[in-house]
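The values are calculated or read from the model by the stated rules, or taken from the named source; none is laboratory data. The structure presented is a predicted model; accordingly, all values stated were derived computationally and were not measured. Here the Cβ positions follow ideal geometry from the backbone for every residue, glycine too, while neighbour counts run over all protein chains shown. The accessibility values were calculated without ligands, DNA or RNA, using every heavy atom of the protein model including side chains. Shrake-Rupley method; radii C 1.70, N 1.55, O 1.52, S 1.80 Å.
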Amino acid sequence: MDYAGRLEISYYNTIAAINSAHNIFLVQHRETGKIYIRKILDVYNPHIYEYLMEHQITGIPKLYSVYEENGQLVLIEEFISGISLREMVDGHTLTLDLIIRFMGELCSILEKLHCLNPPIIHRDIKPSNIIITPCGHAVLIDFNAAKRWIDTADHDTVLLGTKGYAAPEQYGFGSSTPQTDIYGLGILLKELSRAVPVPTNIFDAIISKCTEMNPSDRMKSVQELKAEIEKLQNRNSGNHDAEGIPRKNFIPPGFRTKTPWKMLTACAGYLFIFWACLSMEVKDATVFRLWMERITALLIMLSFVLCSFNYCNIQRYIPLCAHKHRLIRCLGVLIFNFAVAFSLLFAMIVLESIF
């Protein structure tokens, strides 16, 4: 770092440590009093930060100073007020509309990066690297793992990224390309879709297309991904409320999607339930008791179907059924079904004792 660089850095006083383990600090300029972020990086690509400082892109923090000394890079960048997307995921404050908006904004940011010459690949897309401003806009931060895309590269020379979010090619199975960021967006979308009040599967087809092992099988660009998300929003706007919770639909399970094979299966299933329950026999039972038991059996079987397939969004009111882990959700549905069955049996016993 030259003398001019040292002098400029000296104008920033450290206020607090944001992440001392990663050398990220909140600083204040002595003369202007403005707040900034100072980062000291040990692993970095100086050309990435120099380029981003010269070509400011909306949706990423503005860079004010970049200095290199003794194998470290010192950055002074814009302080972005807000909360991380990680906090929103953990706090279960996301809605379907917010997910679509944030994903669209991230696609727009990455579109600008991928359109550079050469393109810049972020390679570390995850909730903690996305800040949501007080105005509700997404900002992509932390370009430590970023690299320029060289079309002739066979493999990544430096393996960077976060486990669980990094694409296979970041582990030496190929070279990072724009499809690497598409993979990261797919993993992010999967996590966000499980964090709404009632986990949704409406993004599953998009997630699957984004997270293919082979980069050539993924979506071709973030523009394509953004278009698919917007189409999905228009198609499902009438089926979900603003919080991403499915609206009540009184059509029985099996007929809600109007898929022919599902409706045929449902018809056969419902006919079998009615036939099995209403034709059952009880030895030495009076006519009244026989029909009470038949109707009770029918109600129990139908309750199993309706509860298991979330009829009228009933699972929303059962805490375990809305849990983010699938195994616990299944356990919640099972407990709910047995609770309903026990209640119906108890009601039948009470009615028989009265009559």
*Please give, to one decimal in nm, the separation of the simple spin-label points placed at F255 and C135, each 7 Å out from Cα toward the Cβ.*
4.9
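Rounded to the nearest 0.05, what FRET efficiency do L345 and Q72 have when you use their Cβ-Cβ distance and R0 = 41 Å?
0.05
If packing is taken as the mean number of other Cβ atoms within 10 Å per residue, what is the order of 65-78, 259-272, highest first?
Details: 65-78: 16.5, 259-272: 12.4.
Put in order of decreasing packing, that is 65-78, 259-272.
Sort 192-200, 86-94 by packing, meaning the average of other beta carbons within 10 Å per residue, with the highest value first. Numbers along the way, then the final one.
Numbers: 192-200: 19.1, 86-94: 15.2.
Highest to lowest by the protection proxy: 192-200, 86-94.
Rounded to the nearest whole Å², what accessible area per residue is found for the chain with the 1.4 Å probe? Let's see the in-between values first.
Values: 19320 Å² over 355 residues.
Accessible area per residue: 54 Å².
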_For the chain, take the longest principal axis of its alpha carbons; what is the angle in degrees between that and the long axis of helix 326-354, to the nearest 10 within 0 to 90?_
20
*What is the spin-label model distance, in nm, from K220 to K163 if the labels are put 7 Å beyond Cα along the C-beta direction?*
3.7
*Per DSSP H run of at least 4 residues, take -39500 (n - 2.57); add these up for the chain, divide by its residues and hand me the 222 nm value, nearest 500 deg cm²/dmol.*
-14000 deg cm²/dmol
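Using a 1.4 Å probe over the heavy atoms of the protein chains, calculate the carbon and sulfur portion of the accessible area of the chain as a whole percent. Each step should come with its number before you reach the end.
On the way: 11760 of 19320 Å².
That fraction is 61 percent.
Heavy atoms only, 1.4 Å probe, whole protein assembly: order K147, K163 by accessible area, highest first.
In descending accessible area the options line up as K163, K147.
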_Over the range 1-154, relative contact order from alpha-carbon pairs under 8 Å, at least 6 apart, %_ = 20
*14 Å reach of a label modelled at Y11, 7 Å along Cα-to-Cβ, counting backbone N of the range 26-62*: 28-36
_Residue (of L344, L26, I354) at the positive-pole extreme of the chain, dipole from beta-carbon charges_ = I354
*Once Lys and Arg get +1 and Asp and Glu get -1 on their Cβ, which of I37, V139, G174 lies farthest toward the positive end of the dipole of the chain?*
V139
*Which one of S208, L331, L299 has its Cα pushed farthest toward the positive end of the charge dipole of the chain, where Lys and Arg give +1 and Asp and Glu give -1 at the Cβ?*
L299
*Answer with a single label: of [x] 24.3; [y] 17.4; [z] 19.6, which was calculated as mean projected area of the Cα convex hull in nm² from the structure in view?*
[x]
*asked:* Explain nothing, just the number: dipole magnitude of the chain about its Cα centre with +1 on each Lys and Arg Cβ and -1 on each Asp and Glu Cβ, in debye rounded to the nearest 20.
replied: 1320
*Any idea how far the Cα center of the range 325-344 sits from the one of the range 21-69, in Å?*
52
